Amino acid sequence: MEVLITYVNVCRMASWCRKCIYLKPKLEKLAADYYPRIRFYSVDVNNVPHKLVVRAGVTKMPTIQLWRDGKKQAEVIGGHKAYLVVNDVREMIENENGV
């Protein structure tokens, strides 16, 4: 049975960002809950060209974006407590076409 990947979730973080470091394992658990329907990727913005960060519209860390067919569908900017960010990301995923 083939499972189609319909969404990609990209978390843009920075190695110097304390909230990012604390949030990462919680997002990894969330990724396991949605695997294989949604693929989660973590990108350290310090390790990619700045123009890619700008092109994705990232202005704050962490930024979690839900993409489908090369287009950003939704976004959560995680400047608050990790459990609130995880709840926001879960809600973002659930609101997109009943994933």
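Which of the residues belonging to the stretch 20-43 are under 12 Å from the mean Cα position of the chain (by Cα) and either in a helix (DSSP H, G or I) or exposed (fewer than 13 other Cβ atoms within 10 Å of the Cβ) (or both)? The answer is Cys20, Leu23, Lys24, Lys26, Leu27, Glu28, Leu30, Ala31, Tyr41. Only a single item in (1) modelled with pLDDT under 90; (2) exposed (fewer than 11 other Cβ atoms within 10 Å of the Cβ); (3) of a type in the set (S, T, N, Q) is not met by Asn47, and it is number (1).
Per this entry, Val54 is counted among residues that are in a helix (DSSP H, G or I), out of contact with any Asp or Glu (no Cβ under 6 Å at 6 or more places or on another chain), under 15 Å from Arg12 (Cα atoms) and aliphatic (A, V, I, L, M).
In summary, Glu94 fulfils each of the numbered conditions (1) outside any strand (DSSP E or B); (2) touching a strand residue (DSSP E or B) at 6+ places or on another chain (Cβ under 9 Å) with the single exception of condition (2). Which of the residues belonging to the stretch 57-87 are over 11 Å from the mean Cα position of the chain (by Cα) and part of a helix (DSSP H, G or I)? Hits for the stretch 57-87 are Ala82, Tyr83, Leu84, Asn87. Asn46 meets all of the listed conditions (1) among the polar types (S, T, N, Q); (2) more than 16 Å from Tyr7 (Cα to Cα); (3) outside any helix (DSSP H, G or I) but one, namely (3). Within the stretch 7-19, the set of residues being assigned to a loop (DSSP other than H, G, I, E, B) and either in contact with a Cys (Cβ under 9 Å, 6 or more places away or on another chain) or of a type in the set (Phe, Trp, Tyr) (or both) comprises Ala14, Trp16.
Of all residue pairs spaced 6 or more apart or on separate chains, those with beta-carbon atoms under 8 Å, a first member in the stretch 46-59 that is over 14 Å from Glu75 (Cβ atoms) and a second member that is small (Gly, Ala, Ser) and surrounded by 12 or more Cβ atoms within 10 Å (Cβ to Cβ) are Asn46/Ala14. For Thr63, the criteria (1) touching a strand residue (DSSP E or B) at 6+ places or on another chain (Cβ under 8 Å); (2) at pLDDT below 90; (3) of a type in the set (S, T, N, Q) hold in every case but one, which is (2). Among the residues making up the stretch 66-90, those that are among the hydrophobic types (A, V, I, L, M, F, W, C) and either crowded, with 16+ Cβ neighbours inside 10 Å or touching a Lys or Arg at 6+ places or on another chain (Cβ under 8 Å) (or both) are Leu66, Trp67, Ala74, Val76, Ile77, Ala82, Val85, Val86, Val89. Residues in the stretch 13-25 that are of a type in the set (Lys, Arg) and more than 10 Å from Gly78 (Cβ to Cβ): Arg18, Lys24.
The values are calculated or read from the model by the stated rules, or taken from the named source; none is laboratory data. Quantities reported herein were computed from a predicted structural model and do not represent experimental measurements. Positions of Cβ are backbone-derived with ideal geometry, glycine not excepted, and every protein chain shown enters the neighbour counts.
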